[in-house]
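**Student:** This is the structure I want to talk about, given as structure tokens.
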Ligand SMILES: NC(=O)c1ccc[n+]([C@@H]2O[C@H](COP(=O)([O-])OP(=O)(O)OC[C@H]3O[C@@H](n4cnc5c(N)ncnc54)[C@H](OP(=O)(O)O)[C@@H]3O)[C@@H](O)[C@H]2O)c1
């Protein structure tokens, strides 16, 4: 799903010379995809696939990235990796271009794209941290099934179609997904959490260059939405911050669209297909003048994955031009 989005976005990049090389597993080799009106055949990835390429976008799971990203790096490519394989590796930059673009050009090699939920949360939280000093971030996510890949989307559609006659058996989900909400994304962790929640915590701190002094809690839930993650945030600052103060900062943040009316909001359905991060319901926490509540929505396949990767590639291409 992410790979196809990347292909569409690449069609709009002026720096793409000729056709991109489309690399796949053996299973998909020979299948065809359209790029700028031309039909291109996919090729199975092999050890010489990366020779003479500049930028390689990986979007085929952690195992594939662990195996092939070092091969591409050795061949002289810059790798932009969408999986979680390299995100916590110290020498690999973890980048959201609006927040820490300076890390893109630190050294050639592998650059990691953060987790989809992390990206949209940090897009709202980091500018407010810069302005007011962020002390705590408490978040509950409501994540679309496309975040779990193409098979998960197909299974939700099928569960919805057969409900209530049949209960699903061998499922991509821990429990029935249709007409439900599941507070369990990824593997279980020893502290009673789930992997997705740990990713948000560690990745946010890395991108914002903060450590234990930024207290983060996350409950990640999967909901029967096809595209677009939502997140309910409670942010606690070092000082009292009004909703209007926060809105003024977010209005000036590139890649963020904010609505000022506290009763107004965007939904996943409305913003699917858009590159920005959308913030609404910005309002005070009546129990604490230093805290604010807000609702943050973004297309997980675009800003949460493909668009963030293409933005990184745009920065690299701009540098190569100079
Ligand atoms: N979906 C999201 O919202 C999202 C957001 C952020 C990051 N990501 C990350 O992006 C990656 C792709 O996610 P997705 O949602 O696009 O998953 P997807 O729809 O399941 O697609 C995965 C693709 O990887 C290919 N693949 C599997 N093994 C391969 C191999 N050995 N060599 C080459 N290609 C291989 C698959 O092709 P075959 O069918 O031929 O196996 C398939 O086309 C994952 O690492 C995911 O964690 C996804």
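The values are calculated or read from the model by the stated rules, or taken from the named source; none is laboratory data. All of these numbers come straight from a predicted model, not from anything done at the bench. Please note: Cβ atoms are built from the backbone with ideal geometry, for glycine as well, and neighbour counts cover all protein chains shown.
**Student:** What are the residues in the stretch 1-30 that are surrounded by fewer than 11 Cβ atoms within 10 Å (Cβ to Cβ) and more than 12 Å from residue 307 (Cα to Cα), if any? I'd like the intermediate steps shown before the answer.
**Tutor:** We begin by selecting, within the stretch 1-30, every residue surrounded by fewer than 11 Cβ atoms within 10 Å (Cβ to Cβ); these are 12, 14, 17-18, 26-27.
Once the filter is applied, which keeps residues that are surrounded by fewer than 11 Cβ atoms within 10 Å (Cβ to Cβ) and more than 12 Å from residue 307 (Cα to Cα), the stretch 1-30 yields 14, 17, 18, 26, 27.
**Student:** All but one of (1) surrounded by 14 or more Cβ atoms within 10 Å (Cβ to Cβ); (2) in a loop (DSSP other than H, G, I, E, B); (3) more than 13 Å from the ligand (Cβ to nearest atom) hold for residue 96; which doesn't?
**Tutor:** Evaluating residue 96 over (1) surrounded by 14 or more Cβ atoms within 10 Å (Cβ to Cβ); (2) in a loop (DSSP other than H, G, I, E, B); (3) more than 13 Å from the ligand (Cβ to nearest atom) leaves (3) as the failure.
**Student:** Looking only at the stretch 62-84, which residues are away from the ligand (no atom under 14 Å from the Cβ) and touching a residue at least 60 places away in the same chain (Cβ under 8 Å)?
**Tutor:** 78
**Student:** Specify which of the listed residues (87, 103) is within 16 Å of the ligand (Cβ to nearest atom), closer than 30 Å to residue 252 by Cα, within 19 Å of the chain's Cα centre (by Cα) and surrounded by 14 or more Cβ atoms within 10 Å (Cβ to Cβ).
**Tutor:** 87
**Student:** Does residue 196 meet the test of being within 16 Å of the ligand (Cβ to nearest atom), surrounded by 13 or more Cβ atoms within 10 Å (Cβ to Cβ) and in the same structural domain as residue 291 (by TED's automatic domain parsing)?
**Tutor:** Against the criterion (within 16 Å of the ligand (Cβ to nearest atom), surrounded by 13 or more Cβ atoms within 10 Å (Cβ to Cβ) and in the same structural domain as residue 291 (by TED's automatic domain parsing)), residue 196 qualifies.
**Student:** Answer with yes or no whether residue 177 is under 18 Å from the mean Cα position of the chain (by Cα) and either outside any strand (DSSP E or B) or at pLDDT 95 or above (or both).
**Tutor:** Spelling it out, it is not the case that residue 177 is under 18 Å from the mean Cα position of the chain (by Cα) and either outside any strand (DSSP E or B) or at pLDDT 95 or above (or both).
**Student:** A further question follows. Search the stretch 1-21 for residues that are without any contact (Cβ under 8 Å) to a residue 40 or more places away in the chain and pair each with any residue that is in a loop (DSSP other than H, G, I, E, B) when their beta-carbon atoms are under 8 Å apart and the residues are at least 6 apart or on different chains.
**Tutor:** 7/20; 7/22; 11/36; 19/36; 21/49; 21/53
**Student:** Then there's this: From the set of residues in the stretch 62-84 that are within 24 Å of residue 119 (Cβ to Cβ) and in a loop (DSSP other than H, G, I, E, B), which is nearest to the chain's Cα centre (by Cα)?
**Tutor:** It comes out as 82.
**Student:** Please work out which residue is farthest from the ligand (Cβ to nearest atom), limiting yourself to the stretch 137-151 and to residues that are surrounded by fewer than 19 Cβ atoms within 10 Å (Cβ to Cβ) and either assigned to a helix (DSSP H, G or I) or at pLDDT below 95 (or both).
**Tutor:** Restricting to residues being surrounded by fewer than 19 Cβ atoms within 10 Å (Cβ to Cβ) and either assigned to a helix (DSSP H, G or I) or at pLDDT below 95 (or both), the top hit is 151.
**Student:** What helices (runs of 4 or more DSSP H), lying completely within the stretch 209-322, carry at least 2 residues that are within 18 Å of residue 114 (Cβ to Cβ), assigned by TED's automatic domain parsing to the domain that holds residue 76 and in contact with a helix residue (DSSP H, G or I) (Cβ under 9 Å, 6 or more places away or on another chain)?
**Tutor:** In the stretch 209-322, 307-321 are the helices (runs of 4 or more DSSP H) which contain 2 or more residues that are within 18 Å of residue 114 (Cβ to Cβ), assigned by TED's automatic domain parsing to the domain that holds residue 76 and in contact with a helix residue (DSSP H, G or I) (Cβ under 9 Å, 6 or more places away or on another chain).
**Student:** Might you check whether a residue that is surrounded by fewer than 18 Cβ atoms within 10 Å (Cβ to Cβ) and within 16 Å of the ligand (Cβ to nearest atom) occurs anywhere in the stretch 252-264?
**Tutor:** The answer is no; no qualifying residue exists.
**Student:** What do you reckon, is residue 119 surrounded by 21 or more Cβ atoms within 10 Å (Cβ to Cβ), modelled with pLDDT of 95 or more and either assigned to a loop (DSSP other than H, G, I, E, B) or within 11 Å of the ligand (Cβ to nearest atom) (or both)?
**Tutor:** The answer is yes for residue 119.
**Student:** OK, next. Just need a number here: residues in the stretch 152-171 that are buried (at least 16 other Cβ atoms within 10 Å of the Cβ) and either assigned to a loop (DSSP other than H, G, I, E, B) or away from the ligand (no atom under 16 Å from the Cβ) (or both).
**Tutor:** Within the stretch 152-171, the first condition is being buried (at least 16 other Cβ atoms within 10 Å of the Cβ), and the residues that meet it are 152-153, 155-156, 159, 168.
Then keep just the ones that are either assigned to a loop (DSSP other than H, G, I, E, B) or away from the ligand (no atom under 16 Å from the Cβ) (or both); that gives 159, 168.
Residues that pass the stated criteria total 2.
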